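Enquirer: Questions regarding the structure given below will be posed in turn.
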Amino acid sequence: MEGDRLRVLVVGAGVAGLAVAGLLRRSGLHPVLIDRAGPDAPSGYMLALMPLVDPVLAELGVSQEYWDRSVPLDRYRIRNRHGALVREYSLGKLLNTYGDYRGISRGELMNVLAAPARTVAHHTSVTAMDQRANSVTVIFSEAGTEVRGEFDAVIVADGLHSSTRELVLDAELVPTFDTGWGGWVVWAEADGDSDLGEELWGTGYFVGTYPVKDRLGVIVCGPRTEKGAGLGAFVARLRDRTPEAGPRLDRVLTEAVDGRESYYWSLTDCRAAEWTVGRVALVGDAAAGFLPTAGIGAGMAMESAGALVRHLADCEPHLVPTALAAFERGQRPRVEAAQKNSRQLAPMMFNRNPVAAMLRDTAARFVPLGVALRPIQGLLETRP
């Protein structure tokens, strides 16, 4: 990096950080990429990726590998609070005009992005930053050893609960949106419907099933007040209310409580009031975290990575603050529009009121999916 025209530090080797680092390398730079976790850290569960990611994957030269490690998502099915089928939609008709809508595990996506990003310094975190007119001095803790570095730009991509963000923004500038719900996430066995996402919209519970290659990702959601009783007790109560929910959902609920590993996800997001401070920029979940309701968070993180690198890659060092500010002006409205759509879907999916649930189930029979996805289609039509 020391010989580069532009010295860049990327903090966080998640989806956004790997994409930024890989794109910078494709532009001829050698960014330093660090991550506080180890190489064997859990890689997460399932993702549904909108065609927003296609240009970034193409630019990274990994489109074929992405196809090989993912499955096409073409159908979407909703069941109501009684387990009855409300409607099945064709996602292909809505999205194929723009590109591919595919299911992939987060671990497989990380593998796809890791090759162009190359080296990651694990067990390394930023403990201090000192911005000056022409550079940023960064102090790292690398496995307990203090290391100092000088950079022209620092890209903060260490997630929803970013510790690096705290070094440049006060907490009140990063408000959160809390649904009051959470979900247990587990892997289940694949079935013959590898193109089908299926959801159960209950009263006080929600179950979603989403295929990836050779597996099925499952999330079982309810109010966080139910967390203490555990997944088994929550599924038992769910089954009392909805004894039959169709073959797939009945099966995955049985598998979810058979002792396999699960992860509990508190369903909150965040929105930073500022993305750029001088030579430091936030990207991905560190800038705007997403609820999983619209399935667009990872896609927006990758799109933002592409937008950031387009502004930064050919930038002269003295113009970095200007380039980062231009990135924020262009990308932030798109990200916040997608985040708003995800928040608007939350009350429909995470509903405790019987009357509201009844009205929701009735409306779902007649309202086309395109109405709910119209904001996302707008983003696809106007993507960079």
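Enquirer: Say whether the condition of being assigned to a helix (DSSP H, G or I) and either hydroxyl-bearing (Ser, Thr, Tyr) or within 30 Å of THR362 (Cβ to Cβ) (or both) is met by at least one residue in region 133-143.
Expert: no
Enquirer: How many residues, within region 47-70, are among the aliphatic types (A, V, I, L, M), open to solvent by less than 10 Å² (accessible area, probe 1.4 Å) and farther than 19 Å from ARG118 by Cβ?
Expert: Going through region 47-70 one residue at a time, the tally reaches 4.
Enquirer: Looking at ALA364, ALA372, ALA356, which is the one that is in a helix (DSSP H, G or I), more than 19 Å from LEU52 (Cα to Cα) and without any contact (Cβ under 8 Å) to a residue 60 or more places away in the chain?
Expert: From the options ALA364, ALA372, ALA356, the qualifying one is ALA356.
Enquirer: Same structure again: Can you tell me which residue within region 1-46, out of those that are modelled with pLDDT under 95 and within 25 Å of ILE296 (Cβ to Cβ), is surrounded by the most Cβ atoms within 10 Å (Cβ to Cβ)?
Expert: Residue satisfying both the conditions and the ranking: TYR45.
Enquirer: Let me ask something else about it. More than 19 Å from SER342 (Cβ to Cβ), open to solvent by 40 Å² or more (accessible area, probe 1.4 Å) and part of a helix (DSSP H, G or I) - does that describe any residue in region 216-225?
Expert: yes
Enquirer: Just name the residue that is surrounded by the fewest Cβ atoms within 10 Å (Cβ to Cβ) out of those in region 342-372 that are small (Gly, Ala, Ser) and closer than 12 Å to ILE78 by Cβ.
Expert: Among those that are small (Gly, Ala, Ser) and closer than 12 Å to ILE78 by Cβ, it is ALA363.
Enquirer: Regarding ALA363, is this residue hydrophobic (A, V, I, L, M, F, W, C), modelled with pLDDT of 95 or more and on the phi < 0 side of the Ramachandran plot?
Expert: no
Enquirer: What is the number of the single condition among (1) part of a helix (DSSP H, G or I); (2) open to solvent by 60 Å² or more (accessible area, probe 1.4 Å); (3) in contact with a strand residue (DSSP E or B) (Cβ under 9 Å, 6 or more places away or on another chain) that LYS93 does not meet?
Expert: So LYS93 meets the others, but not (3).
Enquirer: If you don't mind, another one. Among the residues of region 169-193, what is the count of those that are in a loop (DSSP other than H, G, I, E, B), closer than 25 Å to PRO72 by Cβ and open to solvent by less than 60 Å² (accessible area, probe 1.4 Å)?
Expert: 3
The values are calculated or read from the model by the stated rules, or taken from the named source; none is laboratory data. These figures come from a predicted structure and were not determined experimentally. Every residue, glycine as well, gets a Cβ built from its backbone with ideal geometry; the counts of neighbours run over all protein chains shown. Note: accessible area is taken over every heavy atom of the protein model, side chains too, but ligands, DNA and RNA are not part of it. Shrake-Rupley method; radii C 1.70, N 1.55, O 1.52, S 1.80 Å.
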